[in-house]
1. Relative contact order for the range 155-214: what is it in percent, counting Cα pairs under 8 Å that are at least 6 residues apart?
2. Once the other residues with Cβ under 12 Å from the Cβ of Arg174 are scored (Lys, Arg +1; Asp, Glu -1), what is the net sum?
3. Tell me what the chain gives for mean residue ellipticity at 222 nm when only DSSP H runs of n ≥ 4 count, each as -39,500 (n - 2.57), the sum divided by the residue total, rounded to 500 deg cm²/dmol.
4. Within a Cβ distance under 9 Å of Pro14, other residues only, what is the Lys/Arg minus Asp/Glu net charge?
5. For the chain, modelled as a Gaussian network with Cα springs under 10 Å, which listed residue fluctuates most, Lys113, Lys197, Lys150?
6. Regarding the range 155-214, what are the three Cα extents along the principal axes, ordered largest first, in Å?
7. State, as an integer percentage, the relative contact order of the range 1-103 based on alpha-carbon contacts under 8 Å between residues 6 or more apart.
8. Quick one: compute the contact order of the chain, relative version, from alpha carbon pairs under 8 angstrom and 6+ residues apart, as a percent.
Amino acid sequence: MAGNGALPNSTLAPIPGSGPFGRPKLRRDAARAYNALHIYSMQRWGISMALNEGDVGRAYRSVSRQQLAKRIYGSNAAVPGTSNHGLGINVDLENRQQRWVIDQIGHQFGFSKKWSDAQWEWWHITFRAADYPKVNSIAGKASGSPTLRKGDSGKAVGNLQWRLRTHGFTDLPRKGEPGRGQFGPKTEKAVKAFQRKAGLTADGVVGQRTWRALRRK
């Protein structure tokens, strides 16, 4: 079995980001969860979870990159060959916005600070595989049909408004107009009216059944 920092490429998968050695990577299950988290975050809040790797790397680190990290960061870096980065289950976030996303929903995708090592580093986040099966449905929804409700914003809300317009709710904003991408009272009213028309519970929350009904036209 491959050791820490020596994982074969076949066990790794890319996540959003870039760097001098290409896109950052994580262990396949961790990458799938992180990619779903990124999509969900972009659609709900417009916050990217992409990572700029730099010289050391913010995700998987080979032994040589762990050695470089040790030279740069000294005692604040793990002994080469023992880092969670070498197991493909750790990410070092770029900014506080990304940490805010982790604190809001990260645990649903298997990423949380509470089960990470190096608690003094706000950016250092660990994936726990045992928690990932709980989010398969969330990962699926992140592909384009996130649950939306009043107060949400972003591209997914804009898509919702466009679909509602195709069903006759033409008073909702077009692309570029004020209110586009904002789930306010007018959008909620239109959602409830559409749900009643489609024979759904008119709660104003856009879940999978409402998305399916919207796409039937």
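Laboratory data are not the source of any read-out in this text; all were calculated from the coordinates shown. Computed from a predicted model, the values in this text were never measured in an experiment. Virtual Cβ from ideal backbone geometry, glycine too; neighbours counted across all protein chains shown.
1. Numbers: 55 pairs, mean separation 17.0, N = 60.
Rounded, it is 28 percent for the range 155-214.
2. Working: positive: Arg165, Lys175, Arg180; negative: Asp171, Glu177.
After counting each charged neighbour, the total is +1.
3. Mean residue ellipticity at 222 nm (helix-derived): -10500 deg cm²/dmol.
4. Numbers: positive: Arg23, Lys25; negative: none.
Around Pro14, the charge tally is +2.
5. Lys197
6. 31, 19, 18
7. On the way: 173 pairs, mean separation 31.6, N = 103.
About 31 percent, as a whole number.
8. Details: 383 pairs, mean separation 36.5, N = 217.
After rounding, I find 17 percent.
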